[in-house]
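The values are calculated or read from the model by the stated rules, or taken from the named source; none is laboratory data. For clarity, every value in this text was computed on a predicted model and none was experimentally measured. As a convention, Cβ positions derive from the backbone with ideal geometry for all residues, glycine included, and neighbour counts pool all protein chains shown.
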Amino acid sequence: MGFFLFWTPNFLTFCLFICLLIVDKRTGIRDNSSVETQRRTDMTNDINIGDTVRSFDFPAHRDIEGPEACFIEGIVEGFTKVEGCMRFDIKATRVVFDGVERDFEEGERAFPPLNGTPTNRGRITDGVVKIGEAA
C-alpha cells in the first residue's frame, strides 16, 4: 500500500518538473541571455517584401529532398498580425509535403511567424530562410 502512495498526481507532477529541469539544463532553453541574443539577431533578419523564401514546417527537419522534406517556397508579399503575433505573408510557388511536391491552389498563402518569435515551448522560431532577393 505504501508504494502506491507515491504515485499520486502531486508526485507525478514533481517527477515531470524534475525531468523538465534536466532537459532545460541540457538544452539551455531557460538561459535567458542566449534567448535574448537569439531574439536580437533573428528579429533583425534580412527578409524583405519581394524576397523568395523557403518556410520549413518542422523545426527539427530542414531537408529539401527525401521523405522528411516539408516546406513551402514562395514570395514574401507582406507582414501581418495573426493570432497575436507578427507573421510573414508568403504567396506559395512550390509546396513539398513528405518529400513529394504537391499541387496547390493559385494564390495559396502561408503565414509562418517572423524568425525570432518566442514559442510557448521555449524555442525561438527560425523556420523561414531567404533563397532569393527581390527582383
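Here are a few things to note about the model shown:
- Every residue from region 98-116 that is free of Cβ contacts under 8 Å to residues at least 40 places away in the same chain and either among the basic types (Lys, Arg) or surrounded by 10 or more Cβ atoms within 10 Å (Cβ to Cβ) (or both): Asp98, Gly99, Val100, Glu101, Arg102, Phe104, Glu108, Arg109, Phe111, Pro113
- Criterion (at pLDDT 90 or above and more than 14 Å from the chain's Cα centre (by Cα)) met by exactly one of Val35, Val100: Val100
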